[in-house]
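Here is the structure we will look at.
The values are calculated or read from the model by the stated rules, or taken from the named source; none is laboratory data. Every value quoted in this text rests on a predicted model; they were computed, and no experiment measured them. Glycine gets a Cβ as well: all are built from the backbone with ideal geometry, and neighbour counts include every protein chain shown.
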Amino acid sequence: MRMFSLVAPAGALCGGVLGACASSGDMAMEGRYEASLSHWHGVTEQKLLEGWGPPAMSADLPDGRMLVFVKRTDYVNMSAPQGYHTVTAFGAPMFVQGMTAAPLVPATCRTSFVLHEGVVSSWKFDGIGCGAAHR
């Protein structure tokens with residue numbers, strides 16, 4: 001089973017089929033994330049676990065093993081109206097005038113590594129939180 005990054009297919013779809021795709025800035029962030037993952041190629045499973053911590057999921061494949069890592073980052077939403085802050089009332093968000101409090105926006109990134117003979121051979125990722133390199 002061979003896996004590739006979703007960067008190229010997403011770019012192809014944006015150009016031809018979908019009207020509401022990621023901006024070129026988002027594509028650049030995905031490219032940087034893809035580049036940051038390339039240094040994991042050929043790394044042993046032990047080194048991968050030392051760098052990423054325990055996986056959210058693992059699965060044995062016919063010709064290797066897959067490890068899936070999910071990272072969540074909370075970003076400050078700077079687009080909230082100034083002079084208002086968001087509160088929750090009975091599960092529904094409301095804007096209330098007063099001190100500005102920018103709510104946090106959760107962003108997740110799921111990164112999957114495939115290992116053959118104990119070393120990383122390929123990877124893929126998805127999610128809006130994949131813009132920053134994992135170290």
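Step by step: first the residues of region 41-77, then only those that are assigned to a strand (DSSP E or B) and closer than 13 Å to residue 116 by Cα, then the one that is nearest to the chain's Cα centre (by Cα). Which residue is that? Among those that are assigned to a strand (DSSP E or B) and closer than 13 Å to residue 116 by Cα, it is 67.
With respect to residue 45, is the statement that it is touching a Gly at 6+ places or on another chain (Cβ under 8 Å), at pLDDT 95 or above and of a type in the set (D, E, K, R) true? In short, yes. Return the residues of region 1-40 that are at pLDDT 70 or above and not in a helix (DSSP H, G or I); say none if nothing qualifies. Answer for region 1-40, where residues must be at pLDDT 70 or above and not in a helix (DSSP H, G or I): there is none.
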